[in-house]
Each structure stands twice: as C-alpha cells, then as structure tokens.
Amino acid sequence: MDDLATIPDYGLGWLDASGPSSDIVLSTRVRLARNLQGHAFGPRSRVNDREAVLSLVRSVIEKSSHLSGASLWELAKVSPRTQKILLERRLVSEDLLGGKKGVPPRGAAVLLSTKDPTSVMVNEEDHLRLQSLLSGLRLQDAWGLVDRLEEELGNELPLAYHHEFGFLTSCPTNVGTGLRASVLMHLPGLVLTKEIGQVLKGLNQVGLTFRGLYGEGSEVVGNFFQVSNQTTLGKAEEDLVGHLDQIVRQVIQYEEHARHVLLKEAPAVTEDKIWRAYGLLRYARSLSFEELINLLSGVRLGSSLKLLPNLRVYTLNKIMIYSQTAHLEQAAGRDLPLPECDAHRASFVRRILAREGVVTSDGESSPESP
Amino acid sequence: MAGKGKQDMVCDNCGEAGAVVHFTQVVNNETKTSHLCERCATEKGLQTKIPSTNLLLADFLAKMGGDEPLSPGGPQEELTCPFCGLSTADFKEVGRLGCPQCYSTFEEYLRGLLRRIHGGTQHVGKVYLPPDPSASEKEKRLEALRRTLVRAIDSEDFERAAELRDQIRTLEPAS
Ligand SMILES: [Zn+2]
Ligand SMILES: [Zn+2]
C-alpha cells in the first residue's frame, strides 16, 4: 500500500487542461466539511475518537457501490515521501500530516476515489473533508461531484447537524454549508498592468477572498491566485458556487483585457519578459521551486498569447506538479538535499521543454538538434 | 467590481450619496456597473464588513473583545461544554469549537459571532436527514431536494436529476 506505483494519477486529472478557460483558470476545487455526531472535532479529538471515525468511513466504503474500488490510506502507515507527494498533489493538507510535528496523528487518512476526481481527508480539523478537483473553470460540476459523494457518506453516517446553524464544523467560519469553492487563477496581465489591487479589493467587496498558491495564508507567487467564497452560512450551495462562478468569469474578462492592453501598449517589453522566462527555464542548470514558478508564469502567459506556439498548457501544468521536491525525489528514487534538488529540477524542466521541440517566434517548430 | 475609486457617488438603489461598493455585472453579454451605498449593498447580500483575508479567527475573536455579550445574563460568564470540556476562554484562544455539543453550549455567544462572520445565523441549503426523521425534517429535506432537482434539470445533468427524483419519491408521503 505504500507504493506510489499503486496510485497512478490520483489528483492529476486536472493537469490535462481540458476544462474551460484552462489557460487562465488552472483548476477548480470544491471542498465540503462534515463531522460525525458524538465525537470531538479534530483538534480536540482523542485517539479513540479518530479510530472510531476512521472505522465508520471504512464501513461505508465496504457498503457503497459508488465507492467500490476506492482506497483508504492511513497516513502514519505511508512513507514520508508518499505523504509529501499527496501533499504536493493537494490531496492532503499539512495539518493532516501532523503540521509542525511532521508525524500524522493516529487515524489521519485520505480516501481516494478511483471513479472520479474526488477524495476525502479523514480526521483533519473536521472529521471529513470531501473535495473534488477539476481542470479549468467547472464549479457546478465540481460541486455536483462532492454533493454526490456527500450523499453516499451522509446516508450511512450520523452527521453533526443543527436545525439553525446547519452542518457543524470545528471552525465557525465553515459552519452551515461547510462549502469552500475555490479556483486557481493565473493573473499576470492584471499584475503587470497594476490593476490587480483593484480587482482583489473588488473580490473582498463581493464576499470573496483570495490567497496564494499553497493553502491558507500563503504568499502569492508567480501571479497565481486562489479565489474562494468567504462565507459558508446563509446561502445555498448552488448560490455560493454560482456567485463565485459569475465573479470569476468577470475576472477572466479583466485579465484578457489587461493582456490585450499589454500587447498593444508594451509589446516589446512583454515579449522580452516572456522569452527571457522561456530561455531561463530551457537552459538553467539550477532552479529553486519559487524561481521556477515565477518563470512558469511568464511562459504560461506566452503560451496563452500564442507568443510561444507549440507550448501546451498541459506541459506547463505538468512541470508545475512534477518539479516539486517529493515528485523529483520519487523520480530519482532517493532523497535530494539542496543544492542537488535544484539541479534535478532544472534538468527535469530542460528535458520536458526539449521534448516539446524548438519554440520559434514566427510560429514554426523544428525538432531540437542534440 | 473594481470600480475606480469614485468618491461621493450616488447609490443606484436609494439615490443617497455615499456609494462605496462598485461592481460590474455581465447581463446578456453587456457589462453593467452598479454603485451602492453600504446599506443597500448589505441588503443585496454584497457584504462590505467582512474580516480581511489575512485576519486569523483568533485575532478576530480577540478584537471583538468584550463588546459581544456571551449570554444575555452576564457578559463575562464562563461556560464549559459538558461533552468535550472546552471553555469559553479555550475557544477564544484557539478559535475552534471542540465538538458538536459546543454549538448548544455556546449557542447565544455563537449566534452573535456567526452574525458577524457570515451576516446571519440561519443555514440555507442542503438539509441533513437523520435516521428516523420527523415529518417536518422530511418536508425540509424534500424542499431542498426539489430545489436541487430544478438546478440539475437547468444544467442538463439528467443522470443527477434521475437520482434526485428517486430520492424525492422515497421521501414523499404516500398519498
Ligand atoms: Zn443605497
Ligand atoms: Zn464540546
């Protein structure tokens, strides 16, 4: 069970960039928080609470045809590298892996569906954190998937529910629907035209919130923003999701407009930025992950503007995931301390870009000579 | 959204000066920008008073200080959850409830807090149906399912619609 070969592409379906607007919206995620009656919530739970929750989840998997074939991974029994890979694929959280202690608490587990891109964190801050992860902007579909999964679990398990407050959660910011819908957006146009501040302020004004690439409180790198709903109580799930969808569509329009302005008002500077980013990625011998993300941002913009033809969004998504440390270590078959890790990252990126062939400015591509 | 710092603008809804919320909607492929005062924006569900992104809940609770009474009886009353032992002070420190029972223990206090965080306290949306549901619980669940069915049909998700119809049928009182 501790072999990553047995989890071929869990959490990677979105990389194919098959969803709508996937050059600007990388992925859509919908998460639902649920708790079981009669047990303390995650932070206050004891070992016996967590084991009870886990065994209840196991019993549902056995009964449910929807979940047949799903695998349940107890994180303490999984190698540290596999734990990190699950984290890098956004299938588990830092907290579920034990946070600063670095050792997953007993009972912490992740349920991975084989039928659809859904998963459940078990014994995180809430007993159950259901999530779906899709390519591009597909909020309704992502909500439909977790909704379906929730029925499957809710029909069998006694959920903590209050007639007034709705579904009860450890943190009062999640109570009610327990729903957090978020889209990962790439907004270099708005950043370069310095309009991003206004847009982000606007998001706050309409009840949305944003953060950087990796989870709560993380900094914005590479112009990647996660936009999500701020409140969870008082609106139906469909309305929360619909509202986010509507606003994200506006932000996409703003971004497209900003890119248009960039090309019109500063074509030379924009092109130079993009080609420099490509050049560094294509030939660098050492890359930190943060540097990589910043360069990928430029290249992604170039690909989207057709200034770097032949460079597929799929390739760029793949670089983003597979150049994370644990993924590189998995490929190398051993731990990669610094500076070796940065060298492996650069070499991986060179190889993958070489495979795409030469990207020429006049739109022609020819196979790379050795 | 993202209006350009226009001051002293008149509210589109009530005509009073002092529109502070500017947002653009796309209606039939045309953008329409609206300007609203704070009161009208709140009424339309566009909250303006929301904790900022990086404000942690614990800070939020601390900032609230004593101005939110814990219960009508006494502003500094210390309660403890009989199930998990969480006290009011614990909650203020960590910003997390300890168990489902905490929501009854701290109900009065939470009502004020939830109003500040979410702008209200009444859950709208999915209705959980416990084992052995009462007639009114069933009715609420049915209402929610029918709403979901309409959306499934609107979005042409016929597989989901069929599932929902089955669920509605099993809940509907035999007539
Ligand atoms: Zn007004
Ligand atoms: Zn409690």
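At the residue level, B:Tyr103 shows approximately 0 square angstrom of accessible surface with a 1.4 angstrom probe and all protein chains present.
Normalised by the residues of chain A, what does the relative contact order come to in percent, with Cα pairs under 8 Å and at least six apart? List each step's numbers first, then the result.
Details: 638 pairs, mean separation 66.7, N = 370.
Relative contact order of chain A: 18 percent.
For the Cα trace of the range A:1-115, dividing Rg by the Kirkwood Rh returns an Rg/Rh value of 0.98.
Backbone amide hydrogens, once placed in the peptide plane, bring B:Met9 within less than 5 Å of B:Gly18, B:Ala19, excluding anything fewer than 5 places away on its chain. For the range A:157-177, accessible area lost to neighbouring protein chains reaches 30 Å² or more, against the chain alone with a 1.4 Å probe, at A:Tyr161, A:His162, A:His163, A:Glu164, A:Phe165, A:Phe167, A:Leu168, A:Ser170, A:Cys171, A:Pro172, A:Thr173. Exposure check, 1.4 Å probe, all protein chains in place: B:Arg165 carries approximately 100 Å² of accessible surface. Carbon-plus-sulfur accessible fraction, the range A:266-366 (probe radius 1.4 Å, protein heavy atoms only): 53%. For chain A, the solvent-accessible area of protein heavy atoms averages 39 Å² per residue (probe radius 1.4 Å; ligands and nucleic acids excluded). Set the Cα radius of gyration of the range B:91-175 against 2.2 N^0.38 Å, with N its number of residues, and you get 1.46.
In the structure shown, the pairs A:Lys235/B:Lys140; A:Lys77/A:Lys100; A:Lys84/B:Lys92; A:Lys235/B:Lys138 are assessed against 23 Å; a Cα-Cα span above that value is assigned to A:Lys84/B:Lys92.
For the range A:97-166, build the convex hull from the C-alpha positions and give me its volume per residue in Å³.
Per residue, the Cα convex hull of the range A:97-166 comes to 149 Å³.
Note that the range A:74-191, at 20 °C in a medium of 1.002 mPa s, gets a Stokes-Einstein diffusion coefficient of 136 µm²/s from its Kirkwood radius over C-alpha pairs. Mind listing the phi-derived Karplus ³J(HN,Hα) values for the range B:116-122, rounded to whole Hz, using 6.51, -1.76 and 1.60 with θ = phi - 60°, and x for any glycine or proline? With coefficients 6.51, -1.76 and 1.60, one gets 5, 6, 10, x, x, 10, 8 Hz.
Contact-buried residues of the range A:191-214, at a threshold of 40 Å² lost accessible area versus the chain by itself: A:Gln198, A:Asn204, A:Gln205, A:Val206 (1.4 Å probe; DNA, RNA and ligands ignored).
Over 21 Å apart: what share of the alpha carbon pairs of the range A:266-366 falls there, rounded to a whole percent?
Numbers: 1540 of 5050 pairs.
Distances greater than 21 Å cover 30 percent of the Cα pairs.
Across all directions, the average projected area of the convex hull around the alpha carbons of chain A is 18.8 nm².
Across the range A:124-136, coupling constants 3J(HN,Hα) worked out from phi with the 6.51/-1.76/1.60 Karplus curve, θ = phi - 60°, read 8, 4, 9, 4, 10, 10, 7, 8, 10, 9, 10, 6, x Hz, and Gly and Pro carry x. Accessible surface ranking for B:Lys126, B:Lys92, B:Lys140, 1.4 angstrom probe, highest first: B:Lys140, B:Lys92, B:Lys126. Centre-to-centre separation between the Cα atoms of the range A:38-88 and those of the range A:132-177: 17 Å. Put simply, chains A and B cover up around 4900 Å² of each other's accessible surface, both sides summed, when a 1.4 Å probe is used. Our helix-only sum for chain A, with -39,500 (n - 2.57) per DSSP H run of n ≥ 4 divided by its residues, gives a mean residue ellipticity at 222 nm of -13500 deg cm²/dmol.
The values are calculated or read from the model by the stated rules, or taken from the named source; none is laboratory data. On a predicted model such as this, the values are computed, not experimentally measured, just so you know. We work out accessible area using only protein heavy atoms, side chains counted, and drop any ligands, DNA or RNA first. Shrake-Rupley method; radii C 1.70, N 1.55, O 1.52, S 1.80 Å.
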